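Please treat every number below as a calculation from the coordinates, not as lab data. Just so we're clear, the structure is a prediction, and the values are computed from it rather than from any experiment. Counting neighbours? That spans all protein chains shown, and the Cβs are built from the backbone with ideal geometry, glycine included.
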Amino acid sequence: MRAAAVLASAVCCLLLSCTPDRPPLQTKSARRVILVYINTLRTDHLGVFGYERKTTPAMDAFARRAVSFDHALTTAPWSLPAARSLLTGRQPEEYDSARTLSEILGSAGFSTALFSAAPALSADYDMQRGWDILQVALKAPAATQVDLALEWLELVRGQNAFVVVHLADTQFPYQEPASYRRLFAGDPQAPFGETLSENTAVDARVTDRAARQYLIDRHDNALRYLDDELARLFAALEEDDLVFLFSGHGEEFWDHASFGHGHSLHEEVLRVPLLIRAPGLEPHRVSAPVSLLDLTPTILDLLGMDRAEYGFDGISLVPVMNGEPDAEEQLSERCLAFGRPLFGPMRWGIVSGALKYSTSGGEEMLFDLSDDPLESNNLLVGKEWTAGAIYRRKLGEALGRDIAVAFQLDTVSPSQPAPQPVKATLSFAGNAALVWVVDQPAISALSWAWKEDGNAVARWEAGFRQARRVLAVPENSIDVASRKIALLVDAGEQHFEIPVQPTSAQRRGTDRRPLARTRLPGGLRMSLDYCIAALPAEDTGRMPRLSVPKTR
């Protein structure tokens, strides 16, 4: 929900029509690859995955002829990084240097089209690469998206074709047609009305059980509408089509005291439906964890195309779909990484089999999903930092980056541009090994960070908005560095020494107060805390950007 709010200003409707510099490939046995990409849909609201309501009869029927993945995971809890992963088979930070699936297939003679209902899948976020046709219409209804896909498939009949039809009806605020309005939901429950607004659920901090259920019911109305429209698309499919149905991320319905997505790494946000139908595949279920990273290498494998040159982070799922011996066991042993929230604390995590490790700022969590599917029993509460070392190492291996416990310094200008520049000097026992600014999606940089006399120094220029984050990794262990911490701040012409209260690692999971928190002149807020961080690329000194909005 909030992800859409942040990105909505980027684009309303964009039509990009590219004339490819290759002749259409006409064949008698043309191959068609069709991706049905549903925004904001959690797995447990589909009948095939156990939902009792009849929300998805068309998808359930499709699943009976497909391979169903019980534990498919996204790489991020919001659309842009998730889309970049699934269309490249690479971690989203590698998008700029990766070839997209549309580029690969386009160069092989496929006609390509993307019909998007969300601004994250637009040229404003560099998602136009490789498409002959890119049409973006914010919150276009499923009927429109399906019509566009069917018309385009008919237009390129006889050609090798690759199309992504993206549907956003299940993303808040729900706008199901009037004929679906009373399918599962009754009368509106305060604070909601018949017409839902973008921020109502968050601003109202809904606690009433009936109001929460009303919102879930409206979501299910929209889902059933979307499913009925997909029935038309499924009816037009051909037997040798490669068809992938999935979601980019899920949605929290107060499962962990919040609503929406983009903020957490719980299963209701990370776990997504994934169904794959292709010639020669026998329908069955796969229980081992898989990732959206696996989609691009799987598609190329099914098409018989070479994958070795692309350096994918994902792997082909063809062996497990073909029922090859040990294929599912090998998937269960693999570590799948995720993270990159749109807002809130820095978060990273991995799943390996039934074990799920995740971070939230400086807190580490470990859950055994086989015994604790609701993630309520953190097995690392009160443990020393050393207890999480093995999982931090595995996280680094899965991401291809080193992981460290760092200090995190946040400066926030909540309501208006910062009225004056701010400089902060953070010192601790020992020297700083690495200091950098965290690049944040959809936010241009007005901040710098560097090492000076062994300290971490950060500067934010006047005029910055929202939050700016700087990380500092000490040369010593975090516990040694925490024995003596000082934070000095210059805000314009004023100078402050911010009180810092170091605490031991034993506080993790029991006391989440930051090390320091203060309010500066002009309404600025600053906080200091621990965090688990993926270290930046050596050649740039910063984590690669998720996005740089283009100026048109």
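Legend: helices of the chain (whole DSSP H runs) are marked when their alpha-carbon atoms reach 27 angstrom or more along the helix axis and their mean Kyte-Doolittle hydropathy is at least -1.0; marked are 209-235. Between the listed residues 297, 150, 380, the Cα displaced farthest toward the positive end of the dipole of the chain, a dipole computed from Cβ unit charges relative to the Cα centre, is found at 380. Label the chain by shape, choosing from rounded, prolate and oblate, from the square roots a ≥ b ≥ c of the eigenvalues of the Cα gyration tensor; if a/c is under 1.5 it is rounded, and otherwise prolate applies when a/b is larger than b/c, oblate when it is not. It is prolate, given that a/c is not under 1.5 and a/b is the larger ratio.
Placing pseudo-labels 7 Å out from each Cα toward the beta carbon at residue 54 and residue 190 gives an inter-label distance of 3.5 nm.
Label the range 127-238 by shape, choosing from rounded, prolate and oblate, from the square roots a ≥ b ≥ c of the eigenvalues of the Cα gyration tensor; if a/c is under 1.5 it is rounded, and otherwise prolate applies when a/b is larger than b/c, oblate when it is not. Prolate. Each of 350, 216 was scored by other Cβ atoms within 10 Å of its Cβ. Arranged with the fewest first, they read 216, 350. Neighbour counts of other Cβ atoms within 10 Å put 31, 64 in the fewest-to-most order 64, 31.
Dipole check for the chain: with +1 at the C-beta of Lys and Arg, -1 at the C-beta of Asp and Glu, and the Cα centre as origin, the magnitude is about 1180 Debye.
Of the residues 281, 310, 254, the one whose Cα sits farthest towards the positive end of the charge dipole of the range 216-369 is 254 (charges of +1 on Lys and Arg Cβ, -1 on Asp and Glu Cβ, taken about the Cα centre). Charges were assigned to the Cβ only: +1 to each Lys and Arg, -1 to each Asp and Glu. The resulting dipole of the range 203-351 about its Cα centre is roughly 720 debye.
Here residue 216 and residue 305 are evaluated by their C-beta separation; at R0 = 51 Å the FRET efficiency comes out at 0.75. Extension gain, residue 384 to residue 182: 0.36 nm times the residue separation minus the Cα-Cα distance gives 67.5 nm.
For the range 133-151, backbone nitrogen atoms closer than 20 Å to the point 7 Å from residue 175 Cα along Cα-to-C-beta are found at 135-149. In this structure the amide hydrogen of residue 291, modeled in the peptide plane, comes within under 5 Å of the amide hydrogens of 73, none closer than 5 places in sequence on its chain. You can think of it this way: the chain between residue 155 and residue 235 has 27.1 nm of extra reach, that is 0.36 nm per residue less the Cα-Cα gap. Across the chain, the longest piece that holds none of the GluC sites (Glu not before Pro) lying in DSSP loops with up to 13 other C-beta atoms within 10 Å covers 240-383. Computed over the chain, relative contact order equals 17 percent, with contacts defined as Cα pairs under 8 Å that lie 6+ residues apart. What pairs in 423/451; 356/383; 394/451; 54/356 have C-alpha atoms more than 25 Å from each other? As for pairs spanning more than 25 Å Cα to Cα, those are 394/451; 54/356. Among DSSP bridges having both ends in the range 2-333, what percentage is antiparallel? Round to the nearest 5. Given both bridge residues lie in the range 2-333, the antiparallel proportion sits at roughly 35 percent.
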